[in-house]
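Please read through the structure below; I'll follow up with questions.
The values are calculated or read from the model by the stated rules, or taken from the named source; none is laboratory data. A quick note: this is a predicted structure, and the numbers were derived from the prediction, not measured. No Cβ is skipped: glycine too gets one built from the backbone with ideal geometry, and neighbour counts run over all protein chains shown. Surface areas here come from the heavy atoms of the whole protein model, side chains and all, with no ligands, DNA or RNA. Shrake-Rupley method; radii C 1.70, N 1.55, O 1.52, S 1.80 Å.
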Amino acid sequence: GDGNDQAQGENSSDGQADLTLDGETFVYALSGEYRPFSYVDENGELTGFDVDIGMAIAEELGYEGEPYRISFSGIIPGLQDERYDAIIGSMGITEERQETVDFSDPYYISGAQVYVRPDSDIASIDDITEDTNVAVALATTYEDMIADYTTDVSTYDSDVVALQSLDQGRHDAVVTDRLIGLINIEEQGLNLEMAGDLIDVDQMGIAVKKGNEDLLEAINEALAAIKEDGTYLEISEKYFDEDISQE
Amino acid sequence: MKEMIRVEKLNKSFGDLHVLKDIDLTVNESDVLCLVGASGSGKSTLLRCLNFLEIRDNGKIIFDGEEIDPKTHNLNQVRQKVGMVFQHFNLFPHKTVLENVIEAPLMVKKTNKVTAVKEGKELLEKVGLADKFDVYPSKLSGGQKQRVAIARALAMKPDIMLFDEPTSALDPELVGEVLETMKDLAKEGMTMIIVTHEMGFAKEVADYTVYMHDGKIVERGLSKDLFNNPKEERTKEFLSKVL
Amino acid sequence: MKEMIRVEKLNKSFGDLHVLKDIDLTVNESDVLCLVGASGSGKSTLLRCLNFLEIRDNGKIIFDGEEIDPKTHNLNQVRQKVGMVFQHFNLFPHKTVLENVIEAPLMVKKTNKVTAVKEGKELLEKVGLADKFDVYPSKLSGGQKQRVAIARALAMKPDIMLFDEPTSALDPELVGEVLETMKDLAKEGMTMIIVTHEMGFAKEVADYTVYMHDGKIVERGLSKDLFNNPKEERTKEFLSKVL
Amino acid sequence: MIVGSVFDFGTFISELQRTYPFFIEAGLVTIQLTIASVLIGTVIGILFALLKLSPLKIFRIIAGTYITIIRGTPLIVQIFALFYGFSQIIMLSAFWSAALALAVHNSAYIAEIFRGATQSIDKGQTEAGRSLGMSGIMTMRRIVMPQAMRRAVPPLGNQFIIGLKDSSLAAFVAVDELFRTAQGIAAGTLNTMETFIIVGIYYLLLVMIFTVIVNAVEQRMAKSEK
Amino acid sequence: MIVGSVFDFGTFISELQRTYPFFIEAGLVTIQLTIASVLIGTVIGILFALLKLSPLKIFRIIAGTYITIIRGTPLIVQIFALFYGFSQIIMLSAFWSAALALAVHNSAYIAEIFRGATQSIDKGQTEAGRSLGMSGIMTMRRIVMPQAMRRAVPPLGNQFIIGLKDSSLAAFVAVDELFRTAQGIAAGTLNTMETFIIVGIYYLLLVMIFTVIVNAVEQRMAKSEK
Ligand SMILES: Nc1ncnc2c1ncn2[C@@H]1O[C@H](COP(=O)(O)OP(=O)(O)OP(=O)(O)O)[C@@H](O)[C@H]1O
Ligand SMILES: Nc1ncnc2c1ncn2[C@@H]1O[C@H](COP(=O)(O)OP(=O)(O)OP(=O)(O)O)[C@@H](O)[C@H]1O
Ligand SMILES: [Mg+2]
Ligand SMILES: [Mg+2]
């Protein structure tokens, strides 16, 4: 209610600067290949948790929401180029990324998880050695994380493919988001399981261009508002049957 | 007898190859001059120097009393006054016969179209191609092509016409019609320099004939003298082979 | 006098074009037969039918008393007995002169290498190319090439040699050496069928001459008779043009 | 059990039926992208062909360097470099960024097509023009170029087909053309093999259609060639 | 303040120095990928060229269909389709999956190179062989093929260069070659333009090196051609 009115006031005719690039739509980037966070459904519609969150936030901000599909490896450069206002693309908040973008408060929490085939000797991250071939998605935080354990890393454009390849025996392990792993294993009937606990806790943030404090503040307010009014929970349960804003 | 073109100590090399050596030559108005000589003796190069398709290394080319310096003269204007007919016709294949003829008057002289077409048709009628105005060159015989090429050159109303072996790419039965056209031109008083292997034609039509050998002019004289009483040994030898 | 090859009612068409019409022809051992006729009369096609580079439509080809049926006979074996020399030599450019000659003996007849090389060198000496064994064809003159081609065909020890205008791709000054080689072969008793435009050679060397016109054999006879007293009007006409 | 990436004929057929509306829409984007990039590429290409044919050495060097660089680097590198590079000069939509990158790529090949076509015109044509008093530029424009243009048509048609296939790489810079649509569908449904085979069929269809058009144009030109 | 994607010459130089160890490693992968895919592609290509030249119509149809499909669809579609397709038949690493996909792509072009080279050999060569009693296959093997091979060398060299550039698309199926390395660096540092220009330079270098090698081979063959 409150934030909504304020945002609408801001971008209407009172002469104040627009929060978004074109002043009419809130454009947010995601890969579209990260089911169930963002993917193309059977009707050809872009959908998923990130898409819905972006829409809800846009509404709070008083703009038309518009998801922008771009390969994850080019997603930050595109923000830099002002091709969109924000990234709502399940991007983990890291120090390295914080040098190039500004992050909102976390909008959901997950963590890195090792997945293996059931017959594997790997019981946890500590069993990963130089000889272990691990698959990850390109330009994810997992790529760096795993580098401490092995250099034999295969990278894919999407976690889905990494998991499939693991199931097909191409690799020894996959490190990916726990939620992603679980959902894909179930949906695709992959014969894979978790090895050990969460390696670390990933806080996913909404990224805006460095220095865009007005928008960041507005997004944080909007995020708080949708959590408060139940919109967030509704979306979360739609995809995960649980509230993923907490660890 | 007005002097049309005079060449003095003309030299031309291609790289190390000295192709024209101290050429001196004068052609008066209404003269018809034939250039004969063995292959590679420099006949084409001399002709091409005269309309500056090749630029001489040194020596003078004096045209209508004025020395032409490629550096200061607008060669495009000079070339308008010097018509050239090539061995391989070089008609413009994407233009009709009439378009070939009126192209330069329209584009270069900015003649108005009605006049250009009228004059172009007259020229084509003169070379016997009144029925071919709208035909494309690929539909013509070699002899017809060459006559179009002559008309095209005449359309610029040149003061002198250069012919480089105008009949040597033609089937033997088509040579006659082109030579006939050239003969008519000569009769009308056109100044002409003709490189040819048609010795009969040279003897009959040319006032003067020049024999070149190895980049030099070996002998020059009235055609009847040169063919009947060549003075130089080399000329005799050459004539004995080709006649 | 043993019969080497006999052709009966041979017909061959390319699509709608009936190229050979009811050809009958017999060649005995050691005969030298020349095939003459205008361009397009079917001379090459007849020759090519004889070694099955073209397959006849119908009619018989009887070789050494045995009718050859392309369906049941191994044509590769038949062709070993029929040497062929082409207008454009068709030497193998990636092989030396000697390799050209020994290729088929080695590969087809499985002759051992020492023998093949020995015989190959003898043949090359015979055609006057003793100094060219290791040279590649591109380094040879046309006349030399054709002599290598003859040696290559002879290396298979054929019963009969077919020549399709063996000298017509040669510069005039090189024709003689090839004809000389062929004359030697004839003297040694080789059976030969030669398509040629060299009427002088045909007259001198060929026992028989066949005149073809429009796919038919118009006249056949001893060479001296055919050239001096042609019976048919057509033959007379042809000879008057080419002699 | 492996799900998803095994090829299944039933899935293939049902996906073919289900997805055609998306692919038709995307196919139009592919066609627009191809036409835009080949047209712009032709303009740039002619420019560089003229530079390469220029009597001025510095122009020839510039054009030669441009052509060498473009032909010596992969298209995908050019697309990425230009996608993020153009935006510094002027912010273009993903479509126009990709179209420009593809145009630049095409232009180097098209420049060579025009240069080759121009140089294949007999020198006698230029000499005839010059000997009539026409200037070098006039001869080029009135005599040589019209003939070169005709000769360039068949290789240009070929380049169009290549450009059509190359446009698939625009998928990686957020243009919703055929391949990107296939990627989205494949990631969404996990019918990987089926989806990529389907999109392959659409490309093949487009290539065939354009091949027919290109051939028809060529034949028409050959006929009108007198 | 704008960070990252503006081209900055200082950044370009420092990144060039910082990243060269990664690119050298990745360049080796690119070279391996190219060589593997062109070699395998040559083997497959010769096979299909022979099918296309076969007297049996069914073989010619099979080869023609294969070549049309491969040449009528974008490489990226083939890479994606085959990457997921191969894994069903045989378990391969990402490198070999990509190498095979690229090899299949190259094979269609190489098949046409060999077919063209073979058909360009004068018919008289075959006739000469046959007239000496050699079988069709023997004539092909001993007479026509050796000559065709030589003639195929220049276009094969060209195809090698094309294959080198095409190998950049293996980046999208997890092969850590040059372009993928550049993508990773660009995403990490946000020096997008600089990084893609740097990787472009590496490709250009490789293309130039291989062009020199290809030309040297050609010249040597031309010399040995007697
Ligand atoms: N553009 C050129 N570059 C180099 N050499 C040339 C050029 N044009 C002509 N030459 C050489 O100059 C010499 C004279 O050539 P030119 O064409 O003038 O002889 P020509 O008398 O016309 O002979 P032809 O009767 O064969 O036409 C020849 O050796 C020729 O090879
Ligand atoms: N492979 C072929 N396909 C179609 N037509 C052919 C073929 N070979 C020859 N012909 C035609 O058959 C006719 C006879 O040709 P052939 O080569 O036997 O004549 P020729 O007497 O040898 O003539 P030439 O003296 O010109 O060699 C010609 O009309 C020719 O065009
Ligand atoms: Mg000349
Ligand atoms: Mg013949």
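Indicate the residues belonging to the stretch B:74-94 that lose 50 Å² or more of solvent-accessible heavy-atom surface (probe 1.4 Å) upon moving from the chain alone to the assembly of all protein chains, ignoring ligands and nucleic acids.
Those are B:Asn76, B:Arg79, B:Asn90, B:Phe92, B:His94, which lose 50 Å² or more relative to the chain on its own.
On to the next question. Take a quick pass over the stretch D:3-225 and tell me how many lysine pairs come in under 30 angstrom between Cα atoms, counting only ones 8 or more apart or on separate chains.
5
Helices from chain B with mean Kyte-Doolittle at least 0.0 and a Cα length along the axis of 15 Å or more, per DSSP H: which?
Values: long enough: B:97-107 (16 Å, 1.10); B:113-126 (19 Å, -0.67); B:142-154 (18 Å, -0.22); B:172-187 (23 Å, -0.06).
Result, helices passing both filters: B:97-107.
Let me ask something else about it. To confirm my reading of the symmetry, which residue of chain C has the Cβ nearest the axis that brings C onto B, and what whole-Å distance does it have?
C:Pro172, 10
I want the local charge near E:Phe48. Using Cβ-Cβ distances under 11 Å, sum +1 for each Lys or Arg and -1 for each Asp or Glu among the other residues.
Net of charged neighbours comes to +2.
Hey, another quick one. Specify the angular offset, from 0 to 90 degrees and rounded to the nearest 10, of the alpha carbon long axis of helix D:145-166 from the longest principal axis of the alpha carbons in chain D.
Here the helix axis deviates by roughly 20 degrees.
Sequence gap at least 6, Cα distance under 8 Å: using those rules, report the relative contact order of chain A to the nearest whole percent.
The normalised contact order for chain A reaches 26 percent.
Using only protein heavy atoms and a 1.4 Å probe, report how much of D:Ile13 is accessible, in Å² to the nearest 10.
Answer for D:Ile13: close to 60 Å² accessible.
Over both sides of the E-A contact, add up the buried accessible area with a 1.4 Å probe and give it to the nearest 100 Å².
Its buried surface, counting both partners, is about 1800 Å².
Continuing with the same structure: Relative contact order for the stretch D:1-136: what is it in percent, counting Cα pairs under 8 Å that are at least 6 residues apart?
With pairs under 8 Å counted, the relative contact order is 34 percent.
When the label point is put 7 Å from the Cα of A:Phe240 along its Cα-to-beta-carbon vector, which residues of the stretch A:43-74 have a backbone N closer than 17 Å?
Hits in the stretch A:43-74 for A:Phe240 at 17 Å: A:48-57.
Something else about it: Determine the shielding of peptide B:102-113 by partner chains: average, over its residues, the number of Cβ atoms on other chains within 10 angstrom of each Cβ.
Working: counts 0, 7, 8, 2, 1, 10, 6, 2, 0, 0, 0, 0.
The per-residue average across the peptide is 3.
Explain nothing, just the number: relative contact order of chain C, from Cα pairs under 8 Å at least 6 residues apart, as a whole percent.
It rounds to 27 percent for chain C.
Sticking with this one: Report the net charge of residues surrounding B:Lys231, where surrounding means a beta-carbon distance below 12 angstrom and charges are Lys +1, Arg +1, Asp -1, Glu -1.
-1
Any idea of A:Glu59's accessible area? Nearest 10 Å², probe 1.4 Å.
Rounded to the nearest 10, the figure is 130 Å².
What nm distances, shortest first, do you get from the label point of E:Ile62 to those in the other copies when the point sits 7 angstrom along Cα to Cβ?
Once sorted, the set of distances for E:Ile62 reads 5.5 nm.
Percent antiparallel among DSSP beta bridges with both residues in the protein assembly as shown, to the nearest 5?
Details: 65 of 115 bridges.
Bridges in the protein assembly as shown are about 55 percent antiparallel.
Specify the residue with the greatest mean-square fluctuation among E:Gly72, E:Gly157, E:Gly116, computed from a Gaussian network of chain E linking alpha-carbon atoms under 10 Å apart.
Largest GNM mean-square fluctuation: E:Gly72.
Could you run the Karplus curve 6.51 cos²θ - 1.76 cosθ + 1.60 with θ = phi - 60° over the stretch A:237-243 and give me ³J(HN,Hα) per residue in whole Hz, x for Gly and Pro?
Result, rounded to whole Hz: 6, 4, 9, 10, 6, 7, 8.
Then there is this: By accessible area of protein heavy atoms, probe 1.4 Å, what ranking do B:Asp164, A:Asp229, C:Asp134 get, highest first?
From most exposed to least exposed: C:Asp134, A:Asp229, B:Asp164.
Next up: Using a loss threshold of 40 Å², tell me which positions in the stretch A:108-140 are less accessible in the complex than in their chain alone. Probe radius 1.4 Å, ligands and nucleic acids ignored.
Flagged in the stretch A:108-140: A:Leu138.
Roughly how tilted is helix D:75-89, in degrees to the nearest 10 and between 0 and 90, from the longest Cα axis of chain D?
Orientation of helix D:75-89: about 80 degrees from the principal axis.
So if we plug the beta-carbon distance of B:Lys81 and D:Ile62 into 1/(1 + (r/R0)^6) with R0 = 35 Å, what FRET efficiency do we get, rounded to 0.05?
0.40
Please compute the modelled spin-label separation between B:Asp57 and C:Lys241, points set 7 Å along Cα→Cβ, answer in nm with one decimal.
5.3 nm
From the label point of B:Lys9, set 7 Å along Cα to the beta carbon, how far off in nm is each other copy's matching point, shortest first?
Nearest to farthest, the other copies are at 8.9 nm.
Also, quick follow-up: Can you pull the accessible area of E:Ile213 for me, 1.4 Å probe, Å² to the nearest 10?
Its accessible surface works out to 80 Å², give or take rounding.
Measure nothing fancy, just the Cα-based angle from helix A:213-228's long axis to the longest principal axis of chain A, in degrees from 0 to 90, nearest 10.
So the helix axis and the longest Cα principal axis differ by about 80 degrees.
Would you please give the residues with an amide H less than 5 Å from that of A:Gly65, counting only those at least 5 places away or on a separate chain, with H modeled from the backbone geometry?
A:Phe26
Please give every one of the lysines within straight-line cross-link reach of C:Lys121, meaning a C-alpha to C-alpha distance under 22 Å, and leave out same-chain neighbours fewer than 8 residues apart.
Qualifying lysines at Cα under 22 Å: C:Lys81, C:Lys95, C:Lys109, C:Lys110, C:Lys113, C:Lys132, C:Lys139, C:Lys145, C:Lys157, C:Lys183, C:Lys187, E:Lys226.
What is the distance, in nm, between label points placed 7 Å from the Cα along the Cα-to-Cβ direction at A:Asp144 and at A:Asp131?
3.0 nm
Under the rule of at least 5 residues apart or a separate chain, name every residue whose amide H is placed under 5 Å from the amide H of A:Ser154.
Those lying under 5 Å, H to H, from A:Ser154 are A:Val134, A:Ala135, A:Val136.
Starting from the amide H of C:Glu3, placed 1.01 Å from N in the peptide plane, find each other amide H under 5 Å away whose residue is 5 or more places distant or on another chain.
C:Glu29
Rounded to the nearest Å, what's the spacing between the alpha carbon centres of the stretch C:165-243 and the stretch B:90-126? Just the number, please.
Comparing the Cα centres of the stretch C:165-243 and the stretch B:90-126, I get a distance of 56 Å.
Taking a label point 7 Å from Cα toward Cβ, how far is C:Glu122 from its twins in the other copies, in nm, shortest first?
8.4
Additional query: Of the accessible area of the stretch E:3-225, with the probe set at 1.4 angstrom, what percent is carbon plus sulfur?
Result for the stretch E:3-225: 70 percent of the exposed heavy-atom area is carbon or sulfur.
Convert each backbone phi in the stretch C:158-163 into a coupling constant with the Karplus relation 6.51 cos²θ - 1.76 cosθ + 1.60 (shift: θ = phi - 60°), then list the ³J(HN,Hα) values in order as whole Hz, x for Gly and Pro.
Once θ is set to phi - 60°, the couplings for the stretch C:158-163 become x, 7, 8, 10, 10, 10 Hz.
Right, here's the next one. Run the reach check for C:Lys203 against aspartates and glutamates, Cα to Cα strictly under 13 Å, same-chain hits fewer than 8 apart removed. What comes back?
Once the sequence-local aspartates and glutamates are set aside, what remains near C:Lys203 is C:Asp225.
Per residue, how much accessible area does the protein assembly as shown show when a 1.4 Å probe rolls over the protein heavy atoms, in square angstrom? Please list the in-between numbers first.
Details: 49540 Å² over 1185 residues.
Per residue, the protein assembly as shown has an accessible area of 42 Å².
For chain A, set up a Gaussian network in which alpha carbons nearer than 10 Å are linked by springs, and say which option among A:Tyr115, A:Tyr156, A:Tyr34 fluctuates the most.
Residue with maximal mean-square fluctuation among A:Tyr115, A:Tyr156, A:Tyr34: A:Tyr156.
Considering only the other residues whose Cβ falls under 11 Å of the Cβ of D:Ser14, what net charge follows from Lys and Arg at +1 and Asp and Glu at -1?
With Lys, Arg at +1 and Asp, Glu at -1, the neighbours total -3.
Also, I was wondering about something else. Under the classification rounded if a/c is under 1.5, otherwise prolate if a/b is larger than b/c and oblate if not, where does the protein assembly as shown fall, given a ≥ b ≥ c as square roots of the Cα gyration tensor eigenvalues?
Oblate shape, in that a/c is at least 1.5 and b/c is the bigger or equal ratio.
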